[in-house]
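The values are calculated or read from the model by the stated rules, or taken from the named source; none is laboratory data. Model, not experiment: these values are computed from the prediction. Counting neighbours? That spans all protein chains shown, and the Cβs are built from the backbone with ideal geometry, glycine included. These area figures cover heavy atoms from the full protein model, side chains too; ligands, DNA and RNA do not enter into them. Shrake-Rupley method; radii C 1.70, N 1.55, O 1.52, S 1.80 Å.
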Amino acid sequence: MNLPVGLRGRLLAVLLLLLVIAAGIAAVAVPAYVLYDRYDEAQTVAQERIDRYRRVSSQRADHQRALDLLKARESARFFLKNSAPNLGGSELTDLVRPMLEANGSRLTSIQPPTVKDEAGFRVYSLSVGFNSTPSALQKTLYAIETSIPYLFIENIALRATVPRGYKPPPNQEPEVSATMEVQAYGPKDATRNPRAPAAGGTGTTTVTGGKG
């Protein structure tokens, strides 16, 4: 291969030199740019994380004040006192039964309480059956929903005890039959079995007596 001489040869030599210089620059600049972009992105992510931690840290005082406010309100009174499942179930039963009888409802059946763990607490459930007039039913439900510790009515079923079209005597209200599940939250004792029934025995206990 014969290389051109003269002016063309010099131009070709300059062009080749420029290509070599450009390749050298590219070999250094491209990796440097890639590394710079990668480190810049990592720095941005780290800075955002630091800013987020600073925001959380700046809210610590607000969170502490909120915790102090909750403690000042004695939030423990909204929960059952007992941590043992059997005692917590008995406590729930002792709360619900007097509420029914004190508000004119007539207890007909009560099942043993059950207990399960939920978000660091124990949830106690008590199924009861009772008969009451509409006005007594309203008072009973209001007493349960406004009680302390907090009680929650999970579900309720109402059935008429008289046929359709029945006309009661003057100043008398027909009774309705109700079945409902009442729940309450209590502290969790990690040393006990959270799946154990809250009261011994199975089945339904039928109450034949009236108000007591």
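Assorted remarks:
- Which listed residue, of ALA102, ALA66, ALA84, is in contact (Cβ under 8 Å) with a residue 24 or more places away in the chain and either among the charged types (D, E, K, R) or more than 25 Å from GLY129 (Cα to Cα) (or both): ALA84
- Identity of the residue in region 101-111, outside any strand (DSSP E or B) and in contact with a strand residue (DSSP E or B) (Cβ under 7 Å, 6 or more places away or on another chain), that ends up surrounded by the most Cβ atoms within 10 Å (Cβ to Cβ): SER105
- Screening region 75-100 for residues that are part of a helix (DSSP H, G or I) and among the hydroxyl-bearing types (Ser, Thr, Tyr) and picking the one that is surrounded by the fewest Cβ atoms within 10 Å (Cβ to Cβ) gives SER75.
- ALA46 meets all of the listed conditions (1) at pLDDT below 85; (2) surrounded by 10 or more Cβ atoms within 10 Å (Cβ to Cβ); (3) assigned to a helix (DSSP H, G or I) but one, namely (1).
- Within region 148-159, the presence of a residue that is at pLDDT below 95, open to solvent by 80 Å² or more (accessible area, probe 1.4 Å), under 18 Å from ASN86 (Cβ atoms) and of a type outside the set (Val, Ile, Thr) is excluded.
- Residue, farthest from PRO174 (Cα to Cα), within region 130-147, restricted to residues that are open to solvent by less than 50 Å² (accessible area, probe 1.4 Å) and not in a helix (DSSP H, G or I): SER147
- Residues of region 118-129 include none that is outside any strand (DSSP E or B), surrounded by 12 or more Cβ atoms within 10 Å (Cβ to Cβ) and in contact with a Ser or Thr (Cβ under 7 Å, 6 or more places away or on another chain).
- So GLN64, is it open to solvent by 100 Å² or more (accessible area, probe 1.4 Å) and either in contact with a Lys or Arg (Cβ under 8 Å, 6 or more places away or on another chain) or of a type in the set (S, T, N, Q) (or both): no
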